[in-house]
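Structure first, commentary second.
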Amino acid sequence: MNTVKKALSVWCDKAWLAAVYALGLAALAVLVFNWGNLSAAERIAWALAVGIPMHVFEENTWPGGFFYMNNLSFGSQEPLVYPQNRATNMVTNLGAEIVFVLIAVRADALGATAVTVAVFFGFVELLNHTREGIGMHRRFKDKGKRTIYAPGEATSLLALAPLSVFGIVWLANNAFEWTQVLAGLGICLGVAVLLIIVPFAFNLRVKSKTFAFKDAGYFEKYLG
């Protein structure tokens, strides 16, 4: 392994997580110390920038292993390797957090666009994690799995989905142009395509062992 690839592998292992969590703490500081001066749209956007690192923590640090479930749902024969690996994981999550922080910075001007991003993202995450959790229960129930819980479900349900509800209430009580909503949906589509689909498609071709995960996290106990 050359020096550049080795350094990138180290970054894609745990180091990038520190960057995401630092951004989350910074967003939390903005939210807490400026609460009284923030508009409702700004509060929702900054709360999303806080919620994403919480979600990433559950998926990747404790209990971790979201990628394993996700790769199985894509039909992967090597769920430690593809389509999601440590490199795509970094691109997706760090990239998304940077996008959401930038949206939060401009949330007062963006208005319904920023709120739509929070609404869409929260509900999609809840639906996706619930769907995949049900799939993992079916897959591992003979090995002792008794619930549909899977990494990411708790923060989807308790943090991101309530934020979506607050966003819908905001949209119901504030005037907005539908072009703003379409712009928010466009941002979500851009995140999905550029930060998820494209990296996944690339790794589906190369199936990089260099950036493979080392264990299945939460699901490790069902693999013995």
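The values are calculated or read from the model by the stated rules, or taken from the named source; none is laboratory data. Being a predicted model, the structure only gives us computed values, none of them experimental. Quick reminder, even Gly has a Cβ in these numbers, built from the backbone with ideal geometry, and neighbours come from all protein chains shown. The area values use the complete protein model at the heavy-atom level, side chains included, leaving out ligands, DNA and RNA. Shrake-Rupley method; radii C 1.70, N 1.55, O 1.52, S 1.80 Å.
Solvent-accessible surface of protein heavy atoms, probed at 1.4 angstrom with all chains present, puts ARG138, ARG106, ARG86 in the order ARG138, ARG106, ARG86, largest first.
Given the pairs LYS14/LYS145; LYS141/LYS207; LYS14/LYS209; LYS6/LYS207; LYS143/LYS214, which span a C-alpha to C-alpha distance of over 24 angstrom in this model? Where the Cα-Cα span goes over 24 Å, the pairs concerned are LYS14/LYS145; LYS141/LYS207.
Overall, the ratio between the Cα radius of gyration of segment 16-77 and 2.2 N^0.38 Å, rounded to two decimals, is 1.43.
With the charge dipole of the chain set up from +1 on Lys and Arg Cβ and -1 on Asp and Glu Cβ about the Cα centre, the Cα lying farthest toward the positive end among the listed residues HIS137, VAL169, TRP16 is that of HIS137. Reducing segment 170-204 and segment 1-70 to their Cα centroids gives an inter-centroid distance of 19 Å.
For the chain, set up a Gaussian network in which alpha carbons nearer than 10 Å are linked by springs, and say which option among ALA40, ALA192, ALA172 fluctuates the most. Comparing ALA40, ALA192, ALA172 in the GNM, the peak value goes to ALA172. In the context of the full set of protein chains, residues of the chain present 51 Å² of accessible surface per residue (probe radius 1.4 Å, heavy atoms only).
Wrap a convex hull around the Cα atoms of the chain, take a quarter of its surface area, and give that in square nanometres. That works out to 13.0 nm². A simple spin-label model places pseudo-atoms 7 Å from Cα toward Cβ; at LEU28 and GLU177 they are separated by 3.7 nm.
If R0 is taken as 41 Å, the Cβ-Cβ distance between ASP142 and VAL165 corresponds to a FRET efficiency of 0.65. Net length available on complete extension from ASN128 to ALA15 is 38.0 nm, with 0.36 nm assigned per residue and the Cα-Cα distance removed. Based on C-alpha pairs under 8 angstrom that are at least 6 apart in sequence, segment 124-224 has a relative contact order of 29 percent.
Sequence-ordered 3J(HN,Hα) estimates for segment 69-79 from the Karplus curve with 6.51, -1.76 and 1.60 and θ = phi - 60° stand at 4, 5, 5, 4, 5, 8, x, 5, 8, 9, x Hz, glycine and proline given as x. For the chain, the relative contact order works out to 31 percent when only alpha carbon pairs closer than 8 Å and six or more residues apart are counted. Rolling a 1.4 Å probe over the protein heavy atoms of segment 3-222, with every protein chain left in place, gives an accessible area that is 68 percent carbon and sulfur.
Between the Cα long axis of helix 161-173 and the first principal axis of the chain there is an angle of about 20°, rounded to the nearest 10.
Taking label positions 7 Å along the Cα-Cβ direction at both THR61 and GLU78, the computed distance is 3.0 nm, reported to one decimal. Taking trypsin sites (Lys or Arg not before Pro) across segment 152-218, the ones in a DSSP loop with at most 11 further Cβ atoms lying within 10 angstrom of their Cβ are LYS209, LYS214.
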